[in-house]
Amino acid sequence: MILEMKNLTKSFKGSNSKSLVLEHINFNVNRRDFLCVVGPSGCGKSTLLKLIACFDKFDSGSILLNNKVVTAPQLNRIMVFQEFDQLFPWKTIVENIAFPIRVNNISMSKKESYEIAKKYISMVNLNNYENYYPHELSGGMKQRVAIARALAINPQILLMDEPFGSLDAQTRTTLQEMLIEIWEQTNITIIFVTHDIHEAILLSNKILVMDKNPGRVKKIIQNMLPRPRNPMQPGFSDIYYEVYNLL
């Protein structure tokens, strides 16, 4: 087990009232899990990721990483957002990826950081684009760079908030396949928020289904379908309808 959520509760204060968003969230994530989180709009999926990243504070409960309470953002938990504009527009692709490497390894030379950056550029299949600027890339390519930059810091957990939600179907499929390859090749643990049940089944080894008003863990489904996966394979529709009925 790498991550443990214990009785996590979160509310937001309005001008006249207090809105309970998450209540008594309890679940564990094992090392190298690919956990997809699905649930109705407003159930607190994105809020949950922000709490794990410590970008926001919870009311009560605790989050443990490797059996230690986490209270602040750290490089062992890196987040990739849905928005395409996550990169520094004035830096090239290789510079964007090398920047956090050098910031966190101040003794490392520019050449060394670039070599590491190029390794991850290759991993996300963007060879020959290292000297491009973000405005010269498509949305899907920008997401590849954002993923490469996150991986280059070598986090234990990659938090992904609907990173493919704004992409066209073909690009989305390509990036899903790429992400699975990266997950299989590395020791990374992924927590991936999505509103798409098909995407959750294609990617995950576990699916966390949430309820809302307030957000709670309704069920965690083990996804043992053999890879590569497609919606026509035996068992796919069974998981789909189980998740659909829970939602």
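Rule-based calculations on the coordinates, nothing more; no lab input. Note that the coordinates shown come from a computational prediction; the quantities given were computed from them, not determined experimentally. Heads up, the Cβs are rebuilt from the backbone with ideal geometry, glycines too, and the neighbour counts pull from every protein chain shown.
A compact table of results
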| quantity | calculated |
| --- | --- |
| Approximate spin-label separation D196-N30, in nm, with each point projected 7 Å along Cα-to-Cβ | 2.7 nm |
| Förster radius 51 Å - calculated FRET efficiency between E136 and K13 (Cβ-Cβ, nearest 0.05) | 0.75 |
| Net length gained if the chain between K111 and A169 were fully extended (0.36 nm per residue, minus Cα distance) | 17.2 nm |
| Gain on full stretching of the segment that runs from I220 to Q185 - 0.36 nm per residue minus C-alpha separation | 10.1 nm |
| Highest to lowest packing among 174-185, 63-74, 29-40, scored as the average C-beta count within 10 Å | 29-40, 174-185, 63-74 |
| Relative contact order %, region 198-240, counting alpha carbon pairs below 8 Å whose residues are six or more apart | 36 percent |
| Antiparallel bridges, percent of DSSP beta bridges restricted to the chain (to nearest 5) | 55 percent |
| Kirkwood Rh, angstrom, region 32-98 [1 / mean 1/r, Cα pairs] | 14.5 Å |
| Relative contact order, percent, region 99-247 [alpha-carbon distance under 8 Å, six or more residues apart] | 16 percent |
| Alpha-carbon Rg with Dmax, taken over the chain, Å | 18.4, 55 |
| Cβ charges +1 (Lys, Arg) and -1 (Asp, Glu), total dipole of the chain, debye | 700 debye |
